[in-house]
Amino acid sequence: MSDESVITVGKKSKGQSQQGQSKEKLAQERLAPEKQSPEKQSPEKQSPEKQSPDNQFQGLRSPRWAVTAMFILNGSLYGSWAARIPSIKQGFDLSPGDLGLLLLLMSGGAIAAFPVAGGLSDRFGSARVTLSCAMVCCLAVALVGYSPAVTMLCVAVVLFGAGLGAMDVAMNAWAAEVERDYGRSIMSSFHAFFSVGAGIGAGLGAIAAWDEISYGHQFFAFAVMLSPLIWFSSLPQIWQRQKDQGVSQKDKAAQEPETKKKGPRLALPRGALLVVALVAFSCAVGEGAMADWSAVFLTSVIKVGEGQAALGYTVFSITMVAMRFVGDRLIIRFGPVNILRFCGGAALIGSSITATASGLFMTYLGLALMGVGYSIVFPLVFSRAANSKQLSPGVAIASVATFSYGGLLLGPPLIGFIAEISSLRFAFGLFVLLALVVVIGSVAFRQDGETKEAN
């Protein structure tokens, strides 16, 4: 046999052995798929940490739907209460001054609860605090309905305001946590469902008032009807606790989020967070004043009937809710800074049209643009506060919420004071200046805005 033949036979033998080894290796891989890399595994076999939040939590276990339910509950209770304020005033024969004091007690309870809720959310978790506050709100609104005397009514209203305020802070902190897990903007949809809940509560309250149903019976029935939402929202927490069983204390300590770190329980915003708070204040002044003065402006300045005047605030509210439902998509596509500038610009144009309009259609157009302008500001504000590096999420949201409630309280009387010394049309020019604050303050919503806070 020649040397070439030997070489040829050797090459064939070597190739056959390599081919046999490759077939054997392929068979082993088919018999042991669990050894494949995580990237090649099916989504069902990947660890929950590497799945998207939509795959991590399905159906009733979804934290997003749990938070949504709490926003609906909070808005529904507030809307139901607001719709029956005239009935409460009549039932206790309250003077306008007495009613103003009662509403001030409610707002005071909310503001006092902000820092407490922020600290508790950082310590015990925002989800747990939200669920606890929801139970307090349902109990408090029932107490408001069945208060036999003014003294008891004042106590119940303070408790109700504190429950709503604390829940507002905690549920926004919870929403920010879920938003971080999703890795994209979803805060606007939560606030949209709050508006939907408020509309449902106010609508049912109006029906109850029309049918002359006692507000006490209505509040109690509404609290009972909404209480299952608390159980619904607790499902992700129950599932998470079951998932965490068997995890060592050492592992839990290593996985403990930064939101539970010790820090101040009451702090005023500063740096970039102060600018965020001022943006929230400016938006709150305008939104609060619209609820109380839009119809008055249409009747006294534009000289229209009460039905057409009431439709003005409806136009404002509808455009606000519609924008909140599409707000997340806009934020994802264009970024928070650009969207905030757009909102400020819409509010600027809308308030300018409203303050100078002489006809009904142009006034409606101005109010619609103002609804667009104010719609996504609060979702952006709370998301920005929750991601502050200066303060923990709970404390940061509480500090910003204090400015927001301050704006809601200050807006209506401020418009009335300016109108008293000049005119209502001139007073509406204040909204133009507030819109400029939103546009200028948008720079604090940049991703690198935190570097300014440290200074």
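Got a sec? Charge dipole of segment 326-429, +1 on Cβ for Lys and Arg, -1 for Asp and Glu; which of 427, 346, 410 is way out at the positive end?
So the residue furthest toward the plus end is 346.
For segment 318-365, rounded, prolate or oblate, judged on the Cα gyration tensor with a ≥ b ≥ c (square roots of eigenvalues), a/c < 1.5 rounded, else prolate if a/b > b/c? Each step should come with its number before you reach the end.
Values: a/c = 4.85, a/b = 1.98, b/c = 2.45.
Because a/c hits 1.5 or more and a/b fails to exceed b/c, segment 318-365 counts as oblate.
So, with +1 on the Cβ of K and R and -1 on the Cβ of D and E, and no other charges, what is the size of the charge dipole of segment 167-236 about its Cα centre, to the nearest 20 debye?
160
Using only the heavy atoms of the protein chains and a 1.4 Å probe, how would 319, 151 rank by accessible area, largest first?
Greatest to least solvent exposure: 151, 319.
For residue 92 and residue 332 in one chain, what is 0.36 nm times their gap in residues minus the Cα-Cα distance, to one decimal in nm?
Value of the extension gain: 81.4 nm.
If each residue of separation counts as 0.36 nm, what is the full-extension length gain between residue 440 and residue 421 once their alpha-carbon separation is subtracted?
Full-extension gain reported as 4.0 nm.
State the extension gain, in nm to one decimal, for the chain segment bounded by residue 325 and residue 308, taking 0.36 nm per residue of separation less the distance between their alpha-carbons.
3.5 nm
Using the basic label-point model (7 angstrom from Cα toward the beta carbon), what is the residue 292 to residue 410 distance in nanometres?
Result for the modelled spin labels: 1.4 nm.
For segment 95-212, build the convex hull from the C-alpha positions and give me its volume per residue in Å³.
Per-residue hull volume (Cα only) is 118 Å³.
So how far apart, in nm, are the two label points at residue 318 and residue 387 if each is 7 Å from Cα heading toward Cβ?
Spacing of the two 7 Å Cα→Cβ label points: 3.4 nm.
In whole Å, how far is the Cα centre of segment 77-129 from that of segment 266-320?
19
Which three semi-axes in whole Å describe the equivalent ellipsoid of segment 272-322, each the square root of 5 times a Cα gyration tensor eigenvalue, listed largest first?
Each semi-axis is √(5λ); the values are 28, 12, 6 Å.
Assuming R0 = 30 Å, can you tell me the calculated FRET efficiency for the pair residue 299 and residue 213, based on Cβ-Cβ distance, to the nearest 0.05?
Calculated transfer efficiency: 0.55.
Could you please put 313, 146, 405 in sequence from largest to smallest accessible area, using a 1.4 Å probe?
Largest accessible area first, the residues go 146, 313, 405.
The values are calculated or read from the model by the stated rules, or taken from the named source; none is laboratory data. All figures in this text were calculated on a predicted structure; none of them were measured in a lab. Every residue, glycine among them, receives a Cβ derived from its backbone with ideal geometry; neighbour counts consider all protein chains shown. To get the accessible areas, we keep the full protein, side chains included, count just its heavy atoms, and leave off ligands, DNA and RNA. Shrake-Rupley method; radii C 1.70, N 1.55, O 1.52, S 1.80 Å.
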